[in-house]
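This report refers to the structure that appears directly beneath it.
Values in this text are rule-based calculations from the coordinates and carry no lab data. As the structure is a computational prediction, the values presented were derived from the model and not from experiment. Don't worry about glycine lacking a Cβ; one is built from the backbone with ideal geometry, like all the others, and counts go over all protein chains shown.
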Ligand SMILES: Cc1cc2nc3c(=O)[nH]c(=O)nc-3n(C[C@H](O)[C@H](O)[C@H](O)COP(=O)(O)O)c2cc1C
């Protein structure tokens, strides 16, 4: 059976640098035979976790009936997960963080996911701008017992087309192949 990868992609800007990085990663994954489902979480109606604990009492069922349901369904059948985001004030976009918080609904029952990857873009000239996000990604992966498959950070990006020709696109493609 082919591998199932879920991408949670947090850029609100369509067809810009993060989407392009995700595209390269997806091309690599699909060329290796994986099935990829990408959720552009900024286009979805996803509320913040209420911390009510209902999901822990009711087998992972969240009280909020919003678009997060399709993501939770996909995660229940995924072998691997990829987070993608631009750096916004040293972290993930708020839209991605909302979706990550809502995966709390599956924390008790667990997910079949074994491996995780991170794709990020940022405006700063150094990938150091993504340090807090990498730290969060690693702590989430440790908590969930996901093996870190790889991280690709692309610094120095502001306008959508600026990522074209960058070597990190090939790195993302290779990461997609081996995830
Ligand atoms: C609200 C906002 C906050 C940002 N904060 C940072 C930051 O803290 N560090 C950084 O290097 N770039 C920052 N950037 C720049 C973006 O990370 C960068 O331009 C990225 O490539 C945008 O991704 P996109 O093309 O998918 O929109 C910020 C951009 C925005 C709009």
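Provide 121, 17 in ascending order of the number of other Cβ atoms located within 10 Å of each residue's Cβ, fewest first. Working shown, then result.
Values: 121 30, 17 24.
Listed from fewest to most nearby Cβ atoms, that is 17, 121.
Tell me, in nm to one decimal, what length is gained between residue 124 and residue 177 on full extension, where the rule is 0.36 nm per residue of separation less the Cα-Cα distance?
Numbers: separation 53, 0.36 × 53 = 19.08 nm, distance 2.78 nm.
Gain on stretching residue 124 to residue 177: 16.3 nm.
Could you give the distance between the Cα centres of the stretch 81-159 and the stretch 1-78, to the whole Å?
12 Å
How big, on average over all directions, is the shadow cast by the Cα convex hull of the stretch 86-179, in nm²?
Details: hull surface 25.5 nm².
About 6.4 nm², averaged over all directions.
Report the paramagnetic label zone for residue 69: residues of the stretch 40-55 whose backbone N is under 18 Å from a point 7 Å from Cα along the Cα-to-Cβ axis.
Taking a point 7 Å out along Cα→Cβ of residue 69, the residues of the stretch 40-55 whose backbone N falls under 18 Å are 44-50, 54-55.
In square nanometres, what is the average projected area of the Cα convex hull of the stretch 4-178?
Working: hull surface 36.3 nm².
Projected area, direction-averaged: 9.1 nm².
Report the calculated FRET efficiency for residue 107 and residue 131 (r = Cβ-Cβ distance, R0 = 25 Å), to the nearest 0.05.
0.50
Compute the acute angle (0 to 90°) between the alpha-carbon long axis of helix 167-178 and the principal axis of greatest extent of the alpha-carbon atoms of the chain; round to the nearest 10°.
40 degrees
Against the longest alpha carbon principal axis of the chain, how many degrees, from 0 to 90 and to the nearest 10, is the axis of helix 131-144 turned?
Computed tilt is about 40 degrees.
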